[in-house]
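> Let me begin by handing over the structure; questions about it come next.
The values are calculated or read from the model by the stated rules, or taken from the named source; none is laboratory data. Treat the numbers as computed from the prediction; the structure is a model and nothing was measured. Note that we place each Cβ from the backbone using ideal geometry, even for glycine, and neighbour counts take in every protein chain shown. Areas reflect the complete protein model, heavy atoms only, side chains present, ligands, DNA and RNA absent. Shrake-Rupley method; radii C 1.70, N 1.55, O 1.52, S 1.80 Å.
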Amino acid sequence: YNQTILNTFAAIASEAVRQQALETQAAQSAEALRLARKAYDTAYGGYRAGLTDYLYVLSVQNALLDAEERNVSIAAERMDAYAQLMNELGGGYEARKGGAGAASFPNPLHPPAPPQGLPAVSQNKAGP
């Protein structure tokens, strides 16, 4: 029992450290993305003014796309780390029912009722 408790606390601490590390990475990635956008704007402006060729603009745009990809990757890692932390804490994800801020996901098996005055959509999959 004690070892289980210790393992759980170690897992929680590990996930919390991971969250902090990813938060730092996200801040650095956001700054890198901002600088990459600025570099792209400058390169494109130089091209429009005739100061550089389009190959340079494409090269800078490639760096911008790499920065955007890294930013999205870190965001995905942060969401995964958050889910892992919640799991280690003994929780899980459950959509709230009703109320302000409730998650609303369409359920294809139970479509919402149509607005008043409109006919309901038939659930019969058979042909006409």
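> Give me the net charge for the shell around Ala21: Cβ to Cβ below 11 angstrom, other residues only, Lys and Arg +1, Asp and Glu -1. Please list the in-between numbers first.
Details: positive: Arg18, Arg78; negative: Glu15, Glu23, Glu77.
Summing Lys and Arg as +1 and Asp and Glu as -1 gives -1.
> Can you send over the carbon and sulfur percentage of the accessible area for region 39-92, probe radius 1.4 Å, protein chains only? Could the numbers behind the result be given before it?
Numbers: 2010 of 3730 Å².
That fraction is 54 percent.
> If you take every residue apart from Thr8 with its C-beta less than 15 Å away from the C-beta of Thr8, what net charge results, scoring Lys and Arg +1 and Asp and Glu -1? Mind dumping the intermediate values first?
Numbers: positive: none; negative: Glu15, Glu88.
Taking every Cβ under 15 Å from that of Thr8, the sum is -2.
> Please list, in order along region 3-11, the HN-Hα scalar couplings obtained from phi with the Karplus expression 6.51 cos²θ - 1.76 cosθ + 1.60 (θ = phi - 60°), rounded to whole Hz, x for Gly and Pro.
In residue order, the calculated couplings are 5, 5, 4, 4, 5, 5, 5, 5, 5 Hz.
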